[in-house]
Amino acid sequence: MINYKRYQLANGLRVLLQEDPSSPMLTLCMNYEVGSKDELPGRSGFAHLFEHLMFAGSQHAPNFDQLIQLAGGENNAFTNQDMTVFYDILPYQNLDLGLWLEADRMQNLCIEPQPLQKEKRVVVEEFKESCLEEPYGDLWHILGDLAFKEHPYKRPVIGESFEHIEAASLEEVREFYENYYCPNNAVLSISGNIKAEEVLERVEHWFGHIPRGPVKRPAYAAEPPQLVGRKKVHRANVTDAALYMAFPAAARLETAYYLEDLLSDILGLSDSSLLVRQLVKQQKLFSELDVYITGTVEAGLFVIEGKLQEGVDIEQAEQAVWAALEEFKAQPISEEQLQKLQNNTEHNLLFGEIRPFQKALSLGYYELLGQAQLINEEADYYQQITAKQLQLQAQFLFQQEKASLLYYLPKA
């Protein structure tokens with residue numbers, strides 16, 4: 001049981017504090033509820049741009065990284081479709097430094113022509129290197145557009161085109177910042193050798209005066225049910241053919257999410273899992289194979305992907321995947337296999353949250369979902385799953401009319 005305390009400031013900032021006296025370090029996470037799904041058409045990549053801009057300096061802290069490092073800490077950030085997360089790992093004595101820095105860039109970020117142009121160049125170069133020059137780098141530009149027709153999850157987090165970032169004006173960037181990077185659109189979570197009441201007083205001191213923001217989100221249509229299978233052949237400068245199969249998956253808070261998470265483990269977690277054992281080890285159709293869910297807040301994707309062995313026909317490989325899926329749909333796993341998977345999942349959840357870093361990260365994430373208590377409840381959800389439920393979910397999920405198939409082939 002992870003004990004924590006939850007507060008909310010008058011300006012809307014949600015605060016979760018977890019006392020862990022076992023560590024001399026603390027982790028401070030600032031979670032903003034803004035991701036690539038919140039961007040406007042033609043201006044994709046803004047959330048990822050701000051992941052960089054937030055380190056470019058604020059009014060009172062021109063060099064964010066240097067101050068953290070001088071205090072004996074480290075920091076980083078990441079962005080996905082639903083949120084942007086910044087975290088600082090510091091000795092607990094330097095809590096005030098972390099709070100001051102996060103508060104200053106929440107209210108006083110330097111969005112001026114010179115730093116903006118610098119970070120735009122960095123992001124554009126990253127786009128070119130990772131999406132245009134790296135093998136399979138444009139995967140999510142193709143697969144996302146194939147699997148989603150309406151929902152903004154179709155756009156890659158890095159953006160649809162580097163030209164969207166190049167064309168972004170100073171006014172547009174400032175408007176995005178003022179709309180989303182505000183206390184009523186954020187969660188501050190801290191875990192470490194702290195006293196909750198004392199920390200709350202410091203949080204109020206540094207953040208309490210920051211005004212609320214407008215937080216106006218663009219409207220977007222719900223993704224319609226997929227009733228017909230989709231298929232695309234894409235050729236690029238790669239050496240190995242690859243097969244990608246995507247199925248519409250449950251939203252993060254739906255019961256089916258936990259079923260599909262276990263299904264992905266059953267099919268592709270290790271060398272002994274069903275698809276890896278049959279298609280990589282025995283039939284030797286694939287050189288590598290992976291199965292995962294995107295785990296987005298709203299309905300996402302269940303993905304099976306694999307690189308083919310040289311000389312294997314991709315249609316033969318696809319049919320082999322379908323045959324293995326049909327086999328699983330016809331025969332549920334044994335209770336022994338299920339218990340092993342459940343125990344492994346519980347182990348990963350519980351032991352993965354021993355460190356203050358993971359506890360702060362998880363508390364912020366669960367609070368953004370609106371259910372911070374999940375940090376103590378999710379292991380039980382997995383333990384309640386039955387083999388029959390998994391079989392029924394597989395029968396519901398793995399249907400050809402629900403599949404989006406991408407054949408990613410060498411040009412030659």
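The values are calculated or read from the model by the stated rules, or taken from the named source; none is laboratory data. As the structure is a prediction and not an experimental result, all values here were calculated from the model. Don't worry about glycine lacking a Cβ; one is built from the backbone with ideal geometry, like all the others, and counts go over all protein chains shown. Heavy atoms of the whole protein, side chains included, go into the accessibility calculation; ligands, DNA and RNA do not. Shrake-Rupley method; radii C 1.70, N 1.55, O 1.52, S 1.80 Å.
Once the piece of chain linking His347 and Val228 is laid out straight, how much longer is it, given 0.36 nm per residue of separation minus the C-alpha distance between them?
Roughly 38.9 nm would be gained on extension.
Rounded, prolate or oblate for segment 28-67? Axes are the square roots of the Cα gyration tensor eigenvalues, ordered a ≥ b ≥ c, and the cut-off for rounded is a/c under 1.5.
Prolate.
Which of the aspartates and glutamates could a cross-linker bridge to Lys232, judged by Cα under 12 Å and excluding same-chain residues fewer than eight apart?
By straight Cα distance, Lys232 reaches Asp145.
Can you give me the % of accessible surface on segment 296-410 that is carbon or sulfur? Probe 1.4 Å, all protein chains present, nothing else counted.
Summing carbon and sulfur atoms, their accessible area is 50 percent of the total for segment 296-410.
Pop the C-beta distance of Tyr220 and Asp313 into the FRET formula with R0 = 45 Å and round what comes out to the nearest 0.05.
Computed FRET efficiency for Tyr220 and Asp313: 0.70.
Tell me which lysines have Cα within less than 22 Å of Lys216's Cα, excluding those fewer than 8 residues away on the same chain?
Straight-distance partners of Lys216: Lys37, Lys154.
Residue separation times 0.36 nm, minus the C-alpha to C-alpha distance between Phe396 and Glu178: what's the value?
74.2 nm
Can you sort Glu175, Glu326, Glu298, Glu310 by solvent-accessible area, 1.4 Å probe, largest first?
Heavy-atom accessible area, descending, gives Glu310, Glu175, Glu326, Glu298.
Would you mind computing, in nm to one decimal, how far apart the modelled labels at Leu70 and Leu369 are, each placed 7 Å from Cα along Cα→Cβ?
In this crude spin-label approximation the distance works out to 4.0 nm.
Roll a 1.4 angstrom probe over the protein heavy atoms and tell me the percent of accessible area of segment 20-167 that is carbon or sulfur. Present the calculation step by step, with values, prior to reporting the outcome.
Numbers: 2910 of 5950 Å².
Solvent-exposed carbon and sulfur of segment 20-167 make up 49 percent of the total.
So how exposed is Phe396, as accessible area in Å² (1.4 Å probe, rounded to 10)?
120 Å²
Evaluate the distance, in nm, between pseudo-label points positioned 7 Å from the Cα of Gln282 and of Ser22 along their respective Cα→Cβ axes.
Here the answer is 4.2 nm between the modelled labels.
Determine the calculated [θ] at 222 nm for the chain from helices alone, applying -39500 (n - 2.57) to every DSSP H run no shorter than 4 residues and normalising by the residue count; nearest 500 deg cm²/dmol.
So the helix-based figure for the chain works out to -12000 deg cm²/dmol.
Return the distance in nm (one decimal) between the two label points of a simple spin-label model at Gln383 and Ser272, each offset 7 Å from Cα along Cα→Cβ.
Output for this residue pair reads 2.2 nm.
Under 13 Å Cα-Cα from Lys411, which aspartates and glutamates qualify once same-chain neighbours fewer than 8 residues away are excluded?
Asp240
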